[in-house]
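Quick notes on the structure that follows.
The values are calculated or read from the model by the stated rules, or taken from the named source; none is laboratory data. Computed from a prediction, not measured in an experiment: that's the story for all the values here. Cβ coordinates were reconstructed from backbone atoms using ideal geometry, including for glycine residues, and neighbour counts include every protein chain displayed. Remember, those area values only see protein heavy atoms, side chains included, never the ligands or the DNA or RNA. Shrake-Rupley method; radii C 1.70, N 1.55, O 1.52, S 1.80 Å.
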Amino acid sequence: MRSDLMKKGLQRIPHRALMKATGLTEEEISRPIIGIVNSQNEVIPGHIHLDQISEAVKAGIRMAGGTPIEFPAIGVCDGIAMNHAGMFYSLPSREHIADSVEIMATAHPFDGLVFIPNCDKIVPGMLMAALRLNIPSIFCSGGPMLPGKIKGKKVALTDAFEAPGAIEVGTKDEAYGMDIENFSCPGCGSCAGLFTANSMNCMTEILGMALPGNGTIPAVHAERIRLAKHTGMKIMELVEKNICPRDIVTEKSVENGLVCDMAMGCSTNTVLHIPAIANEAGIKVNLKDINEMSDRIPHIVKINPAGVHFIEDLNEAGGLSAVLKRLDSMSLINTDVLTATGHTIAENIKDAEVMDEDVIRTRENAYSPTGGLAVLWGNICPDGAVVKKAAVLPEMLVHEGPAKCFNSEEECIAGLAAGKVVPGDVVVIRYEGPKGGPGMREMLSPTATLAGMGLDKTCALVTDGRFSGVSRGASIGHVSPEAASGGALKLVQDGDIISIDIPNHSLNLKISDEEMAKREAEFVPVELNKVSNYLERYRRLVSSASDGAIMGIPKE
């Protein structure tokens, strides 16, 4: 056993003494020791109940003859960190989580690991750690939040972020704002739409690193507790068979993740996280492949904020097993890949059934014949930019308009409040990329304000920052290279015409090459904001968004 490194033999008397000091018995020490990585905290609604999930996982481990030992991981609530200095730390926390798990699981050599995340950067950070360590591992998330209800209508976090803009322009009143505040997020769980948290929990299941149901079973259902117990039992089987993360996450399973990403229109953040996760396994994700996939994969699931359904509806429609079954019927996924069940996807989904044809559609009645995400290319994004095509209004898929430029999110919010943005504009927010921010903040407040003011129907937003999965509209992020790394976004001026053609994957600044060169020659560098030592280290080491914004050099 791997744990023998810390517990077996004469030289390990002091080690066993310290373990017994925690209350462990001889019998417990002799069994396989399973680390429980629990990101429970009292800040994030998706994490407040993870102590219950952990206890259920521990019960499963003990039933199967193992000894669970829990240790913590941090977690940032992106919603609460939004639109202030806290958002600088969100994406960097992904690297911190991966590093801290590596430290704990190397300093204390466990036989296996069970990861308990639920939100945003925590899920990909833990996936990165699992692949880096490559010891038997499995995931069990805390599950999605149920949507709230106001006067019989389902609501979620999207409505909360769009409420301020709607109240400011007078389309909603303050009483509505109070209702949204009280009822849009009714309890524990990852926020109810297909935002980044639920997107990544779904990706974890599709990649094969969690049992079926991980991405969709609601947080408050007893089925979630049963799933946690089964997860605890399953890790013992994975340890016995020495099935490790890199046996599961292969080029074929990463392709499955991207296929489902397109079919479901997940958060644009998946295009940031999947390359970073794959990198830990030595797998390269090429952004150009994403468009090729998107062009042949129908958009068959449309969840809030892009659609009217919520994650609970997807669960009731058959969950991700039903989605995989439908995609398999179109010969779009690799079903021979191994999963954390110990079986292949083909075996996992053989009895799956689509229970609601409106939630999980066929190719013939798909929301779109092509996928929900797109990568754009052009003279201001030669290394790519990403848009959640599924959440863009049809009339905004092709758009030209004058640029309104802001050098930070705060400048943009102030400009919106001052009425500087008018219908038809293309809002440009720069110096918000991985290095520029630093930390590639989510531009949810600008997109939500635009939507609340009704400007999402006529205005686009282009940024080297990124977007929350809550964002909707013609919101184009991850512009690479970013402005702080010398990207052409730094050269855009107010009034320049920006051309957007999402169906044809293009984003261009309509000025001549000569004018572009002239501006480059005359450009006076912008002084980046002063930040803490931690963020300065991140700024110096982080790679481009097109590589997944990873720390250091991408693996070949």
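Examine the stretch 528-550 for a residue that is in a loop (DSSP other than H, G, I, E, B), open to solvent by 10 Å² or more (accessible area, probe 1.4 Å) and among the acidic types (Asp, Glu), and state whether such a residue exists. The answer is no; no qualifying residue exists. Do we find that Lys284 is more than 19 Å from Phe139 (Cα to Cα), open to solvent by 50 Å² or more (accessible area, probe 1.4 Å) and in contact with a helix residue (DSSP H, G or I) (Cβ under 9 Å, 6 or more places away or on another chain) in this structure? In short, yes. Residues Arg62, Arg94: which one is buried (at least 24 other Cβ atoms within 10 Å of the Cβ) and modelled with pLDDT of 95 or more? Going through Arg62, Arg94 in turn, the sole match is Arg94.
Going through (1) more than 30 Å from Leu157 (Cβ to Cβ); (2) acidic (Asp, Glu); (3) surrounded by 16 or more Cβ atoms within 10 Å (Cβ to Cβ) one by one, Glu27 falls short only on (3). Residue under question is Gly165, and the condition is that it be of a type in the set (Gly, Ala, Ser), out of contact with any strand residue (DSSP E or B) (no Cβ under 9 Å at 6 or more places or on another chain), buried (at least 24 other Cβ atoms within 10 Å of the Cβ) and closer than 24 Å to Gly452 by Cα; does it hold? Against the criterion (of a type in the set (Gly, Ala, Ser), out of contact with any strand residue (DSSP E or B) (no Cβ under 9 Å at 6 or more places or on another chain), buried (at least 24 other Cβ atoms within 10 Å of the Cβ) and closer than 24 Å to Gly452 by Cα), Gly165 qualifies.
Give the stretch 463-503 a look and list any residue that's over 24 Å from His273 (Cα atoms) and modelled with pLDDT under 95, or say none. Residues satisfying the conditions do not exist here. Of everything in the stretch 121-161 that is charged (D, E, K, R) and in a loop (DSSP other than H, G, I, E, B), the residue that is surrounded by the most Cβ atoms within 10 Å (Cβ to Cβ) is Lys121.
Residues that are open to solvent by 10 Å² or more (accessible area, probe 1.4 Å) number at least 3 in the following strands (runs of 3 or more DSSP E) confined to the stretch 361-461: 398-406. Tell me, yes or no, whether the stretch 98-107 has at least one residue that is surrounded by 24 or more Cβ atoms within 10 Å (Cβ to Cβ), of a type in the set (Val, Ile, Thr) and out of contact with any Cys (no Cβ under 7 Å at 6 or more places or on another chain). The answer is yes; a qualifying residue exists.
None of Thr344, Thr339, Thr335 is touching a helix residue (DSSP H, G or I) at 6+ places or on another chain (Cβ under 7 Å), surrounded by fewer than 20 Cβ atoms within 10 Å (Cβ to Cβ) and β-branched (Val, Ile, Thr) except Thr335. Number of residues in the stretch 168-187 that are crowded, with 22+ Cβ neighbours inside 10 Å and under 30 Å from Val114 (Cβ atoms): the value is 1.
If the condition is being closer than 20 Å to His230 by Cα and of a type in the set (D, E, K, R), then the stretch 339-355 contributes Glu347, Lys350, Asp351. Scanning the stretch 230-253 for residues that are open to solvent by less than 10 Å² (accessible area, probe 1.4 Å) and under 25 Å from Ser543 (Cα atoms) returns Pro245, Val249, Ser253. Only strands (runs of 3 or more DSSP E) whose full extent lies in the stretch 1-120 are considered here, and the ones with at least 3 residues that are in contact (Cβ under 8 Å) with a residue 60 or more places away in the chain are 33-38, 112-116.
Per-residue answers, yes or no, for (1) touching a Ser or Thr at 6+ places or on another chain (Cβ under 8 Å); (2) over 25 Å from Gly473 (Cβ atoms):
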residue: Thr270; (1), (2): yes, no
residue: Asn279; (1), (2): no, yes
residue: Ile283; (1), (2): yes, yes
residue: Asn286; (1), (2): no, yes
residue: Met293; (1), (2): no, no
residue: Ile297; (1), (2): yes, no
residue: Val301; (1), (2): no, no
residue: Val308; (1), (2): no, no
residue: Ile311; (1), (2): yes, no
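Take the stretch 462-490 and flag every residue that is open to solvent by less than 10 Å² (accessible area, probe 1.4 Å), out of contact with any Ser or Thr (no Cβ under 9 Å at 6 or more places or on another chain) and farther than 21 Å from Met87 by Cα. Residue satisfying the conditions is Ala474 alone. Selection of the stretch 41-59 for residues being touching a His at 6+ places or on another chain (Cβ under 6 Å) and buried (at least 21 other Cβ atoms within 10 Å of the Cβ) yields an empty set.
All told, Leu227 falls short of being assigned to a helix (DSSP H, G or I) and open to solvent by less than 10 Å² (accessible area, probe 1.4 Å). Might you check whether a residue that is over 20 Å from Met236 (Cα atoms) and of a type outside the set (Phe, Trp, Tyr) occurs anywhere in the stretch 106-117? Yes, the stretch 106-117 has at least one match. Could you say whether any residue in the stretch 109-116 is surrounded by fewer than 22 Cβ atoms within 10 Å (Cβ to Cβ) and at pLDDT 95 or above? Yes: one or more hits. For the stretch 40-89, a tally of residues being farther than 26 Å from Glu409 by Cβ and either under 26 Å from the mean Cα position of the chain (by Cα) or among the aromatic types (Phe, Trp, Tyr) (or both) returns 16. Restrict the check to the stretch 511-521 and report whether at least one residue is open to solvent by 30 Å² or more (accessible area, probe 1.4 Å), at negative phi, in contact with a Ser or Thr (Cβ under 6 Å, 6 or more places away or on another chain) and not hydroxyl-bearing (Ser, Thr, Tyr). No: the stretch 511-521 contains no residue that is open to solvent by 30 Å² or more (accessible area, probe 1.4 Å), at negative phi, in contact with a Ser or Thr (Cβ under 6 Å, 6 or more places away or on another chain) and not hydroxyl-bearing (Ser, Thr, Tyr).
The residues in the stretch 203-224 that are part of a helix (DSSP H, G or I) and buried (at least 21 other Cβ atoms within 10 Å of the Cβ) can be counted, and the count is 6.
Listed here are the residues, each with its yes/no results for (1) open to solvent by less than 10 Å² (accessible area, probe 1.4 Å); (2) without any contact (Cβ under 8 Å) to a residue 60 or more places away in the chain; (3) within 30 Å of Met236 (Cα to Cα); (4) of a type in the set (Asp, Glu).
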{"residue": "Met293", "(1), (2), (3), (4)": "no, no, no, no"}
{"residue": "Arg296", "(1), (2), (3), (4)": "no, no, no, no"}
{"residue": "Ile311", "(1), (2), (3), (4)": "yes, no, yes, no"}
{"residue": "Asn315", "(1), (2), (3), (4)": "no, no, yes, no"}
{"residue": "Val323", "(1), (2), (3), (4)": "yes, no, yes, no"}
{"residue": "Leu327", "(1), (2), (3), (4)": "yes, no, no, no"}
{"residue": "Lys350", "(1), (2), (3), (4)": "no, yes, yes, no"}
